[in-house]
Amino acid sequence: MNRSIRNITKMGIALAFGLCVNSAFAADACSDAMGHNGGGTQVNRNQTGSINGTPWGYELWADGGSNSMTYYSNGTFSAKWTNSNDFLARVGYRYGDNGPGVDHKTKHYTVDYKYTKNGHGSYGYIGVYGWTVDPQVEYYIVDDWYSQPSENYVGEKFGEITVDGATYTIHAFLRQQEPSKTGTSTFLQIFSIRKQARQCGHIDISAHFNKWDELFTGQQKNLRGSKGGGSATLKFGKVTEVMLMNEAGGNSSGEVDYTYFNMTDDGESSPIEEPDPIDRKPFKGVTATIPGIIEAENFDEGNEGDSYGGTNTPGDAEVDKDYRGKDYYVGIVEGGTGKAVGYTAADEWLEYTVEVAKDGEYDIEANVSNGSGAGKLNLSIDGKSLASLSFTGTENDWNTYELSTGKATLTAGKHTLRITIANANTNVDYVKFTLPGEEIIVNPGPDDSGTTAIAQLIRMNNIARTVQVFDMQGKFLGKVEIAAGTSVNEAIAAKFQKSGIYMVKDLLGIKKVRVINR
């Protein structure tokens with residue numbers, strides 16, 4: 001991706017413990033050798049303490065199971081656990097659970113690390129971890145996991161940061177009357193989650209802290225939470241710990257071995273990368289038309305937050321990265337009648353510049369799939385609510401699509417249509433708008449030259465033409481001559497004498513036609 005780079009500061013190099021620790025380019029944890037230093041000290045119960053001769057501390061905490069952690073004088077550590085409900089092993093800066101905390105702006109935290117792991121867990125985060133006070137916040141910078149993080153547990157997406165060679169999505173979640181550093185309490189969780197997992201590298205920890213400060217400025221907001229959700233103050237506080245951590249839970253067993261550890265509170269800033277601006281316009285210059293079919297994958301061109309937002313597509317997802325190009329973070333998959341939007345997050349939204357032919361009450365039909373269960377699409381136009389389309393779900397099957405229907409009154413002219421996906425993991429193929437009694441043709445594709453006028457689309461059933469007809473599996477059935485004044489449905493019914501859904505192709509594109517043979 002072509003990006004501009006900002007925030008390059010502090011090019012000085014300092015030494016600590018015989019290692020160059022504060023240049024992102026001075027050490028390569030993925031290839032440099034370190035290994036464990038000394039015989040190591042083993043811990044077999046919940047315990048915190050200091051690592052002699054270093055500024056760092058260690059912590060082992062577990063809920064059930066058989067667990068152990070071994071830490072070494074250079075900060076490296078290993079751990080093993082069996083049948084644990086929740087297991088955490090970590091090393092880094094500890095300033096006291098009940099202390100005033102440290103203003104992170106007075107420090108610059110970085111860490112270089114390398115580890116190997118095996119095991120399983122229904123959840124688990126590997127990366128940087130800690131707590132703040134004023135307010136109390138539990139935070140994670142997640143570089144790897146035992147199970148792909150879900151918005152059900154990390155909460156709504158608030159933004160992104162691209163740093164240290166990767167993009168992280170930023171989320172907030174409300175823990176309600178759950179165990180914390182002060183006992184049972186309600187507190188905010190903040191997550192930065194790398195889009196593609198890794199097991200070694202450099203993390204500019206303070207870059208994430210500063211981004212959180214930018215996004216969470218003390219406003220009140222309703223959040224998804226551990227007990228349904230509620231209102232929370234969005235603010236990052238003063239840090240009481242900054243630690244490299246392995247967490248695994250849900251009857252988890254496994255082991256981890258950190259053979260490289262290099263953390264400093266006087267590190268060098270990594271470049272913060274931002275996307276080049278993309279002019280907002282219809283996809284490939286083709287305005288979608290209503291009546292017509294709005295292909296979900298053909299949302300307007302523009303930067304995230306402008307033409308689309310709220311995405312959380314995993315970096316390793318099996319998506320078509322070429323269809324929209326590398327500047328977009330929406331998952332495009334094969335599905336439905338061709339391509340669809342997939343790997344969606346709850347509240348992900350997409351916008352389309354549309355031209356409505358004439359005033360009227362339109363029938364709406366969306367082709368969707370969600371193997372996770374029931375959900376809905378929320379449609380708005382020019383910022384005003386338009387319709388909510390519910391669906392039942394497709395029972396662990398994302399290859400089967402279902403139709404969700406509704407109605408809405410539209411006025412003629414150019415508008416901005418927004419589709420908001422209320423439920424995560426919903427695939428959206430298209431949304432179709434029709435006026436009762438009028439036939440439509442699918443909107444021109446992005447590779448068609450020019451823009452076809454609405455009036456031409458509506459009048460097509462008054463023009464003699466030849467179309468190609470296919471079944472829903474793509475098998476060619478034959479050509480059908482359509483006389484002027486005859487609808488496509490009537491011509492197909494007369495030709496094939498069989499009710500069903502057919503795919504019809506002509507010069508303007510492809511559409512689905514439902515035929516009832518009486």
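Going by how many other beta carbons lie within 10 Å of each one, how would you line up 217, 167, fewest first?
217, 167
Testing the spin-label approximation: label points 7 Å from Cα along Cα→Cβ at residue 251 and residue 134. State their distance in nm.
In this crude label model, residue 251 to residue 134 measures out at 4.5 nm.
With the contact rule set at Cα under 8 Å and sequence spacing of 6 or more, what percent relative contact order holds for the chain?
Reported relative contact order: 13 percent.
Can you give the extra length, in nm with one decimal, that the chain gains between residue 217 and residue 416 once fully stretched, where that is 0.36 nm per residue apart less the Cα-Cα distance?
68.7 nm
Report the extension gain between residue 486 and residue 148 in nm, rounded to one decimal, defined as 0.36 nm multiplied by the number of residues separating them, less their alpha carbon distance.
Gain on stretching residue 486 to residue 148: 116.4 nm.
Less than 16 Å apart at the alpha-carbon level, and either on another chain or at least 8 residues along: which aspartates and glutamates does that give for residue 117?
By straight Cα distance, residue 117 reaches 143, 144, 247, 255, 257.
Please give the Cα centre distance for region 109-140 versus region 345-382, rounded to the nearest Å.
Going from one Cα centre to the other spans 38 Å.
Jot down the radius of gyration and Dmax of region 97-172, Cα atoms only, both in angstrom.
Every Cα atom of region 97-172 included, Rg and Dmax give 14.3, 38 Å.
What are the semi-axes of the equivalent ellipsoid of region 3-274, taken as the square roots of 5 times the eigenvalues of the Cα gyration tensor, listed largest first and rounded to whole Å?
Result for region 3-274: semi-axes of 26, 24, 17 Å.
In square nanometres, what is one fourth of the surface area of the convex hull spanned by the alpha carbons of the chain?
That works out to 26.6 nm², a quarter of the Cα hull's surface.
Using the Kirkwood radius over C-alpha pairs as Rh, can you work out the diffusion coefficient of region 283-459 via Stokes-Einstein at 37 °C, viscosity 0.692 mPa s, in µm² per second?
Answer, rounded: 203 µm²/s.
Give, in nm to one decimal, the length gained when the segment between residue 471 and residue 274 is fully stretched (0.36 nm per residue of separation minus the Cα-Cα distance).
66.3 nm
Give me Rg over Rh for region 290-383, both radii from the alpha carbons and Rh done the Kirkwood way, two decimal places.
Here the Rg-to-Rh quotient is 0.95.
Using a basic spin-label model with each label point 7 Å from the Cα along Cα→Cβ, how many nm lie between residue 66 and residue 326?
My value for the distance between the label points is 4.9 nm.
May I ask for the equivalent-ellipsoid semi-axes of region 463-518, computed as the square root of five times each C-alpha gyration tensor eigenvalue and listed largest first in whole Å?
They are 15, 14, 9 Å, listed from largest to smallest.
Taking every pair of distinct Cα atoms and averaging 1/r, then inverting, what Kirkwood hydrodynamic radius in Å comes out for region 163-293?
It is 18.7 Å.
Say a paramagnetic label sat at a point 7 Å from the Cα of residue 116, along Cα to Cβ; which residues of region 31-64 have their backbone N under 20 Å from it?
Hits in region 31-64 for residue 116 at 20 Å: 31-41.
Read-outs throughout are calculated quantities, based only on the coordinates presented, and are distinct from any laboratory measurement. These figures come from a predicted structure and were not determined experimentally. No Cβ is skipped: glycine too gets one built from the backbone with ideal geometry, and neighbour counts run over all protein chains shown.
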